[in-house]
Amino acid sequence: MQREEKQLEATLHAILNRVNDLKSAIQALITKLETEYETINWPTFLDNYAILSGHLTGLSKILQAELAPSLKSVVVLPLQLGCERDEELARLTEGRVPACTHDLVPDLLRTKPEPQAEQRLQQLNHKASTLNFDTAQKQVAQFTKVVSHVWEIISKGREDWEGESMRSAGMQPTHSIADTHALVTAVGTGKGLRPGMPPSLPPGVGGPGMGPTRGPTPQMGPAAPTMPKAPSAIKTNIKAANQIHPYRQ
């Protein structure tokens, strides 16, 4: 008996520690949601939720361990009922249960579902027992079809997302900054479109008849030499005819 009592005490101590850790994690998550609801992101929430899941998993392992005694055989009974405030009970429950009254005991020490939930469960069991086999098979097949369709959609979306992530991670750049600047310069100023052609004047520098401009006037290069005009063919012919047939008065 002493060995079983020590084993029970150790198991209860481990369960109590795990429950306290779980309670602290829940309080931290609730506090974060209440105070950091504007800045909290999804990865942070998942990290806090993973902590809760770890505590629940540890608690389940303790309850399912073979070394743990069967807690079902342990009976918990209130030693004293009263309407007066019990400071020790309030301290143990952190103020949630100030007194062990007749109204709280059925809820705190309940071993069966509530009457409404139990009645609802009986109705569902009766409906399931009276359901036709063919109808049940059709409903199961339809439900399986819907679940399979949803699973396919989720799997396809996950594959597409993973593929896009892998492609974006190993994708080579398809653009060149130097080519982009050259293209913008060619469109804006005409530079490089025709070899040997100077770029057009920037905005704000007007040509002849455009009025005064801001900024320095561009310097013009030396003027090219003008070529002599060729004599007109008509005048040459008239001059030659006068030399052959002089005008007589």
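One table, with the values for the structure above:
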quantity	calculated
Tensor-based shape of the range 115-161 (alpha-carbon gyration tensor, a/c under 1.5 rounded, otherwise prolate or oblate)	oblate
Sparse-neighbour loop sites [trypsin sites (Lys or Arg not before Pro); the range 1-87; at most 10 other C-beta within 10 Å; DSSP]	R85
Relative contact order of the range 1-151, defined on C-alpha pairs under 8 angstrom at six or more residues apart (%)	18 percent
Prolate/oblate/rounded label for the range 12-89 (Cα gyration tensor, a/c 1.5)	oblate
R0 of 30 Å, Cβ-Cβ distance W161-A141: FRET efficiency to nearest 0.05	0.50
Those GluC sites (Glu not before Pro) in the range 1-104 that DSSP places in a loop and that have at most 12 other beta carbons within 10 Å	E36, E38, E66, E84, E94
Approximate spin-label separation A117-K191, in nm, with each point projected 7 Å along Cα-to-Cβ	7.7 nm
Residues A178 and L46, FRET efficiency given R0 of 45 Å [Cβ-Cβ distance, rounded to 0.05]	0.55
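Values in this text are rule-based calculations from the coordinates and carry no lab data. Model, not experiment: these values are computed from the prediction. Cβ sites come from the backbone with ideal geometry, for glycine too, and all protein chains shown count toward neighbours.
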